[in-house]
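The values are calculated or read from the model by the stated rules, or taken from the named source; none is laboratory data. Model, not experiment: these values are computed from the prediction. Positions of Cβ are generated from backbone atoms using ideal geometry, with glycine treated the same way; all protein chains shown enter the neighbour counts. Accessible surface is based on the protein model in full, side chains and every heavy atom, while ligands, DNA and RNA are left aside. Shrake-Rupley method; radii C 1.70, N 1.55, O 1.52, S 1.80 Å.
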Amino acid sequence: MIDSLYAAFSSYALPREPVLCEQCGPEWSADDIRSTPLRSLSLPQLEALHVMSLGDDDFRHFFPRLIELLIAEKSPVFAFHLLGLRGRVPSWPAPEAQAVEQLIDDLWRRLLDSYPAELGYFSDSPTLIDFTYWCNEPLQPFLDRWQTIGTRAAAHHLGDLVEWAFTVREPIEPAIKEPVLLWLSQPVIGERLRSAELNAAEELWQVCGRR
């Protein structure tokens, strides 16, 4: 998955004069970044580069490493808001857009195959729902696939999504909140929760999720 991403974005060179935020990364210089192989850069270094604010070509140089680090990260990530991806991917050449599409497909498959998922930043469904939207990928096919999976892992992720959607003040990216809530209102969602004996999630769904 990650190797394919690196291959798709391999034509983008390191910015000629990388600029680091003195507040975020006072311990590093532009020479440090130039002398460090891309796959050895750390998440704090990407934070110091303000990678999400870079121009599109410069950003795409770092994009595979950013995703690789986010998948490997074990603790919450607060420095990167991937909302900045929204609107970028459709303008990228077809091989790059297809690599992102494949990345998202792989992330969804791996998420629903295991619980808890070991995907770092992408280990919960609300985050992956947002990421799918921010990459301008249609969400509904992934929800439809999820609905057909009767495994305990998929049900547990469903229970987490129900809890998130109905107990967190701002559930999910606002632009797709309503379609997700509409999808959650289907009777099959309650059936999946009941079959997995996720009683608390089912009760919450009965009170808040049915329409």
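Structural remarks
- For the stretch 65-160, the equivalent ellipsoid derived from the Cα gyration tensor has semi-axes of 22, 17, 11 Å, listed largest first.
- Between the C-alpha center of the stretch 132-150 and that of the stretch 12-81 there is a gap of 29 Å.
- Nitroxide proxy distance, nm - points 7 Å out along Cα→Cβ at S53 and E197: 5.2 nm
- Couplings 3J(HN,Hα) of the stretch 196-210, computed from phi: 8, 6, 8, 5, 5, 5, 5, 4, 4, 5, 4, 7, 10, x, 6 Hz, in residue order, whole Hz [Karplus 6.51 cos²θ - 1.76 cosθ + 1.60, θ = phi - 60°; x for Gly and Pro].
- Value at 222 nm in deg cm²/dmol, rounded to 500, when DSSP H runs of n ≥ 4 in the chain each add -39,500 (n - 2.57): -16500 deg cm²/dmol
- Cut-off 15 Å between beta-carbons: net charge of the residues surrounding L193, Lys and Arg +1, Asp and Glu -1: -2
- Angle between the chain longest axis and helix 174-184 axis [Cα atoms, degrees, rounded to 10]: 30 degrees
- Lys/Arg +1, Asp/Glu -1 at C-beta; the stretch 125-211 dipole; positive extreme among P126, L182, T167: L182
- Placing unit charges on each Cβ (+1 for Lys and Arg, -1 for Asp and Glu) gives the stretch 18-114 a dipole about its Cα centre, and among P90, M52, P64 the Cα reaching farthest toward its positive end belongs to P90.
- Both numbers refer to the Cα atoms of the stretch 124-211; Rg and Dmax are 12.0, 35 Å.
- Annotation: extensible slack from K74 through Q23 equals 15.9 nm (criterion: 0.36 nm per residue apart, minus Cα-Cα distance).
- Rolling a 1.4 Å probe over the protein heavy atoms of the stretch 149-189, with every protein chain left in place, gives an accessible area that is 58 percent carbon and sulfur.
- By the Cβ distance rule (another cysteine Cβ under 4.7 Å), the unpaired cysteines of the chain are C135, C208.
- A Förster distance of 25 Å, applied to the separation of the beta-carbon atoms of T167 and Q147, puts the FRET efficiency at 0.70.
- Diffusion of the stretch 1-94 by Stokes-Einstein, at 25 °C in a medium of 0.890 mPa s and with Rh set to the Kirkwood radius over alpha-carbon pairs, works out to 177 µm²/s.
- For the options D130, D57, D144, a Gaussian network treatment of the chain with springs between C-alpha atoms closer than 10 Å singles out D144 as fluctuating the most.
- Where labels lie 7 Å past Cα in the beta-carbon direction, separation of T36 and D113 in nm: 3.1 nm
- Shape category assigned to the stretch 44-107 from the gyration tensor of Cα positions, a/c cut at 1.5: oblate
- Gaussian network model of the chain, springs between alpha carbon atoms under 10 Å - residue of A117, A97, A13 with greatest fluctuation: A13
- Given charges at beta-carbon only (K, R positive; D, E negative), |dipole| of the chain in Debye: 440 debye
- Gyration tensor verdict on the stretch 1-51 (Cα atoms; rounded if a/c is under 1.5, prolate if a/b is larger than b/c, oblate otherwise): prolate
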